[in-house]
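Following: one structure in structure tokens, then a few remarks.
The values are calculated or read from the model by the stated rules, or taken from the named source; none is laboratory data. None of the values given here were measured: they were computed from a predicted structure. Heads up, the Cβs are rebuilt from the backbone with ideal geometry, glycines too, and the neighbour counts pull from every protein chain shown. For accessibility, only protein heavy atoms count, side chains too; no ligands or nucleic acids. Shrake-Rupley method; radii C 1.70, N 1.55, O 1.52, S 1.80 Å.
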Amino acid sequence: MAMPNMADLARPTSDTRSIGVPPVFIARGLCKSYGGGDATVHALRDLDLDILPGEFVVLLGPSGSGKSTLLNILGGLDAPTSGRASWRDHELAGADEAALTAYRRDHVGFVFQFYNLIPSLTARENVELVAEIAQDPMRPEEALALVGLSHRLDHFPGQLSGGEQQRVAVARAIVKRPDALLCDEPTGALDVETGKIVLSAIARANREVGATTVVITHNAAIAGMADRVLRMGGGRIVSIEANANRCAPEELVW
Ligand SMILES: Nc1ncnc2c1ncn2[C@@H]1O[C@H](COP(=O)(O)OP(=O)(O)O)[C@@H](O)[C@H]1O
Ligand SMILES: [Mg+2]
């Protein structure tokens, strides 16, 4: 397959068929509001976006700009108020709860700021729990090796550092070989050096599992790792930049 011209990818509503790569995620006129009347909060306003298969997208923007809302719709955790959203042949707007649950189970791996591991289970068992309900999982040991934790398989969360626990969470997200790896401030609770290790693990999963990856962050330095950087403001995408050359997390200057 020919590599797409990155300049073309920088336009969110560009007709990607013309460069031969159909998007996996398509949003058109996406709106999400909370509450009603004078108290209505418009979290997303008429947002258009295409995301291509295997892309690594970083989502930047101030607090309250709609980043988590967009990620949650993309991951089938939340439904838009109006507009269209689809992941391949899955309609995400107007889908019922059962369809969204199946979509999440079969296609999406999530990583959040807080690791939410089960304290009474080892690293391997935490990852196994997800592998057991997946259609074509990798072995838990393989997922933990991908994040550099082969030497911590039988440790409990309480015996692991914050960065190690977050890497277990990344292994848990990728063990099902998800189509989409969605990370909401995955380094928010970590120091800089540990954050880089976690981001390396996410970047490696993106490369080796081929999961289309979206990472929300407050840290603009992470942007260098991405294929594209989307900046949000007031429920809209205010800019999109394509990186000609992605750099490794170790090379980032924070
Ligand atoms: N469940 C909710 N109920 C009411 N308002 C919400 C809810 N979730 C988000 N919002 C509001 O929607 C806007 C966007 O929120 P969010 O997507 O979480 O932003 P970000 O992740 O960029 O900080 C904010 O004004 C937030 O207060
Ligand atoms: Mg958020």
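Roughly to the nearest percent, how much of the accessible area of the chain is carbon and sulfur, given a 1.4 Å probe?
On the way: 5720 of 11310 Å².
Of all accessible area on the chain, carbon and sulfur atoms account for 51 percent.
Which value, in Å², gives the accessible area per residue of segment 129-254 when a 1.4 Å probe is used on the protein heavy atoms?
On the way: 5220 Å² over 126 residues.
Heavy-atom accessible area per residue stands at 41 Å².
Using θ = phi - 60° and the Karplus curve 6.51 cos²θ - 1.76 cosθ + 1.60, what whole-Hz ³J(HN,Hα) does each residue of segment 145-154 get, with Gly and Pro shown as x?
Per-residue couplings from phi come out as 5, 4, 9, x, 10, 4, 8, 10, 4, 9 Hz.
Starting from the Cα of residue 196, draw a straight line to each of the lysines and keep only those under 23 Å, dropping any in the same chain fewer than 8 residues away.
Those lysines meeting the cut-off are 67.
Which three extents, in angstrom, do the Cα atoms of segment 64-109 have along their principal axes, listed largest first?
Largest first, segment 64-109 extends 29, 23, 18 Å along its Cα principal axes.
Compute, for segment 23-251, the length of the dipole vector about the Cα centre, with Cβ point charges of +1 (Lys, Arg) and -1 (Asp, Glu) only. Units Debye, rounded to 20. Please report the intermediate quantities before stating the final value.
Values: 22 positive and 29 negative charges, 56 e Å.
Taking the Cα centre of segment 23-251 as origin, the dipole is about 280 debye.
In segment 23-251, what % of DSSP beta bridges are antiparallel (nearest 5)?
Just about 55 percent of them are antiparallel.
Using the Kyte-Doolittle scale, which helices in the chain average at least -0.5 and also have C-alpha atoms spread 24 Å or more along the helix axis, with helices defined as whole DSSP H runs? Show your work: numbers first, answer last.
On the way: long enough: 192-209 (25 Å, 0.31).
Qualifying helices, which must be both long enough and hydrophobic enough, are 192-209.
Can you list the residues, at least 5 places off or on another chain, whose amide H is less than 5 Å from the amide H of residue 81, using H built in the peptide plane?
Here the answer is 31, 32, 33, since their amide H atoms fall under 5 Å of that of residue 81.
Give the aspartates and glutamates whose C-alpha is closer than 15 Å to that of residue 176, dropping any in the same chain fewer than 8 places away, or say none.
Within the straight-line cut-off, residue 176 pairs with 106, 125, 128, 132, 136, 141, 142, 208.
Can you work out the FRET efficiency for the pair residue 63 and residue 238, with r the C-beta to C-beta distance and R0 = 25 Å, to the nearest 0.05? All intermediate terms of the calculation are to be shown ahead of the outcome.
Values: r = 15 Å, r/R0 = 0.60.
Computed FRET efficiency for residue 63 and residue 238 comes out at 0.95.
Can you give the FRET efficiency to the nearest 0.05 for residue 133 and residue 155, using r as the Cβ-Cβ distance and R₀ = 22 Å?
Computed FRET efficiency for residue 133 and residue 155 comes out at 0.40.
Given N residues in the chain, what is its alpha carbon radius of gyration divided by 2.2 N^0.38 Å? Please list the in-between numbers first.
On the way: Rg = 17.8 Å, N = 254, 2.2 N^0.38 = 18.0 Å.
Normalised Cα radius of gyration, the chain: 0.99.
Ratio of alpha-carbon Rg to the 2.2 N^0.38 Å globular estimate for segment 122-231, to two decimals, please. The partial results should precede the final answer.
Details: Rg = 13.4 Å, N = 110, 2.2 N^0.38 = 13.1 Å.
The reported ratio for this selection is 1.02.
Does segment 30-120 classify as rounded, prolate or oblate by the C-alpha gyration tensor (a ≥ b ≥ c root eigenvalues; a/c under 1.5 gives rounded; else a/b over b/c gives prolate, otherwise oblate)? Write down the numbers at each step before the final one.
Numbers: a/c = 1.40, a/b = 1.23, b/c = 1.14.
Here segment 30-120 falls in the rounded category.
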